[in-house]
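Below you'll find the structure, written out as structure tokens, and then a few comments.
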Amino acid sequence: MFTLACKSAAAINGNLTQVYLTNDLAYPKEDLAMIKVCCMPVNLFVAVLAGHVTKNSAFTYELWALLSLVGICSYTVLFTLKTFPSKEEVSDWTHIHVIVVSAVYDLVLNFEFVTNFAIIMKIADRRISGMHITLLGVLSNMSEFVHKFYLF
């Protein structure tokens, strides 16, 4: 249940923040897209690093990743969006703040995703691994979109 709540908060934040930031607060979509493009090589490195780090104690790292995810999502919604200046008052520090918050969110989300699938690989039954891994992966991915089932 804890995982479901944390992943739902992260999914809502991921979808809602970008739309609110670009449409309502007039942050340039090109800048936000460039942040995502620049974070991609670092995300690949974090995925490889997470695979090696979480070999022995994946559950502990998953807990810390989920808590970090809830923290960065709360910070994004409660501070970054609340204190975002109007279009005329956007400064370089505002851009740096959005870059740092977006990059940290992407990196923590990527680390959590890899750690989650490390847990799935640990608990999957080896005799029926293909079916079991697919089922666990589907259930895990559906937990990120539970808010959409609620809305519809």
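If packing is taken as the average count of other Cβ atoms within 10 Å, what order do 97-103, 133-139 fall into, highest mean first? Intermediate values should be presented prior to the final figure.
Values: 97-103: 17.1, 133-139: 13.7.
Put in order of decreasing packing, that is 97-103, 133-139.
Taken along the Cα-to-beta-carbon direction at a fixed 7 Å, the label points for His97 and Lys55 span 4.2 nm.
What percent does the relative contact order of the chain come to when contacts are Cα pairs within less than 8 Å and at least six residues apart?
40
Around the Cα centre of the chain, unit charges on the Cβ atoms of Lys, Arg, Asp and Glu (plus for the first two, minus for the last two) sum to a dipole of about 620 debye.
For the chain, the calculated P(r), taken from all Cα-Cα distances in 5 Å bins from zero up to the bin holding the longest distance, is 1, 9, 16, 19, 19, 15, 10, 6, 3, 1, 1, 0, 0 percent. Helix 58-75 and the longest principal axis of the Cα set of the chain meet at an angle near 20°. Computed from Cα atoms, the angle from the helix 2-19 axis to the main principal axis of the chain rounds to 30 degrees.
Between the C-alpha center of the stretch 1-41 and that of the stretch 52-94 there is a gap of 10 Å. Estimated at 0.36 nm per residue, the fully extended path between Leu63 and Met40 surpasses their Cα-Cα distance by 5.9 nm.
Counting Lys and Arg as +1 and Asp and Glu as -1, what is the net charge of the other residues whose Cβ lies under 10 Å from the Cβ of Thr22? Mind dumping the intermediate values first?
Working: positive: Lys29; negative: Asp24, Glu30, Asp31.
Spelling it out: positives minus negatives among the neighbours equals -2.
Residue separation of Ser143 and Glu30 scaled by 0.36 nm, minus their Cα-Cα distance, works out to 37.7 nm of gained length.
Put a dot 7 Å past the Cα of Ala47, heading toward its Cβ, do the same for Phe79, and the two dots end up 2.9 nm apart.
FYI, it's all coordinate maths here, none of it is from the lab. Bear in mind that the values here come from a model prediction, so they are computed numbers and not experimental data. Here the Cβ is made from the backbone with ideal geometry for all residues, glycine too, and neighbour counts use every protein chain on show.
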